[in-house]
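To start, the structure itself, in structure tokens.
Just so it is clear, none of the values below were taken in a lab; they were calculated from the coordinates. Everything quoted here is computed from the prediction, not taken from an experiment. Note that we place each Cβ from the backbone using ideal geometry, even for glycine, and neighbour counts take in every protein chain shown.
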Amino acid sequence: MQEVNDGPRWMLRLDDGDDLFAELRAFSTRQHVRAASVVEGIGLLKDAEVGYWDGRQYVPKRLTVPHELVGLHGSIAEADGAPSIHLHAALADPEHRLVGGHLLRGVVGVLAEVFVVAFPDRVFGRPLDETFGLRRLDLEPGPST
């Protein structure tokens, strides 16, 4: 992966075979990014899984043929002392049909370009909300996170 920044703005290039989530976690750890927005991403995912939240759980859909990554958005926070990556994606199949939702996993095919804006000196939390069974973004987690 290549990464370059201009202040809090980061441009990342992931390469063929990279695990999108593992690389974003490694980037966050390496650069001490504990609060950020994944503003956009494009590229190709050769293996991916998206989920639809039905109110109780994610209903997964595995995409085994390569899909063009036409939109990627999300956030980077901290949960249990480690980077927590939350992403949503829009993916196009070979017939130009879109599928999207919560990105559960993704392996880069050829490359992916991801634009991240960090919030320096801030920490976003992602505590578990027992009501919904989800980790929700907390913009003001306080010193205990």
Report, by residue number, each residue of the range 63-95 that is over 28 Å from Val123 (Cα atoms) and surrounded by fewer than 11 Cβ atoms within 10 Å (Cβ to Cβ).
Thr64, Val65, Pro94, Glu95
Within the range 120-138, residues being without any contact (Cβ under 8 Å) to a residue 40 or more places away in the chain, closer than 18 Å to Ser75 by Cα and either assigned to a loop (DSSP other than H, G, I, E, B) or in contact with a helix residue (DSSP H, G or I) (Cβ under 8 Å, 6 or more places away or on another chain) (or both) number 2
So Glu49 fits all but one of (1) surrounded by 14 or more Cβ atoms within 10 Å (Cβ to Cβ); (2) closer than 21 Å to Arg9 by Cα; what number is the exception?
(2)
Name the single residue, out of those in the range 96-113 being of a type outside the set (D, E, K, R) and touching a helix residue (DSSP H, G or I) at 6+ places or on another chain (Cβ under 8 Å), that is surrounded by the most Cβ atoms within 10 Å (Cβ to Cβ).
Gly106
Give just the number: which of (1) closer than 24 Å to Leu128 by Cβ; (2) touching a residue at least 40 places away in the same chain (Cβ under 8 Å); (3) surrounded by fewer than 15 Cβ atoms within 10 Å (Cβ to Cβ) does Met11 not satisfy?
(1)
Considering only the range 72-119, how many residues are in contact (Cβ under 8 Å) with a residue 12 or more places away in the chain and either aliphatic (A, V, I, L, M) or outside any strand (DSSP E or B) (or both)?
27
Among the residues of the range 56-71 satisfying the criterion of being part of a loop (DSSP other than H, G, I, E, B) and in contact (Cβ under 8 Å) with a residue 24 or more places away in the chain, which is nearest to Gln31 (Cα to Cα)?
Pro66
Identify all residues within the range 1-52 that are at positive phi and in a strand (DSSP E or B); write none if there are none.
Gly43
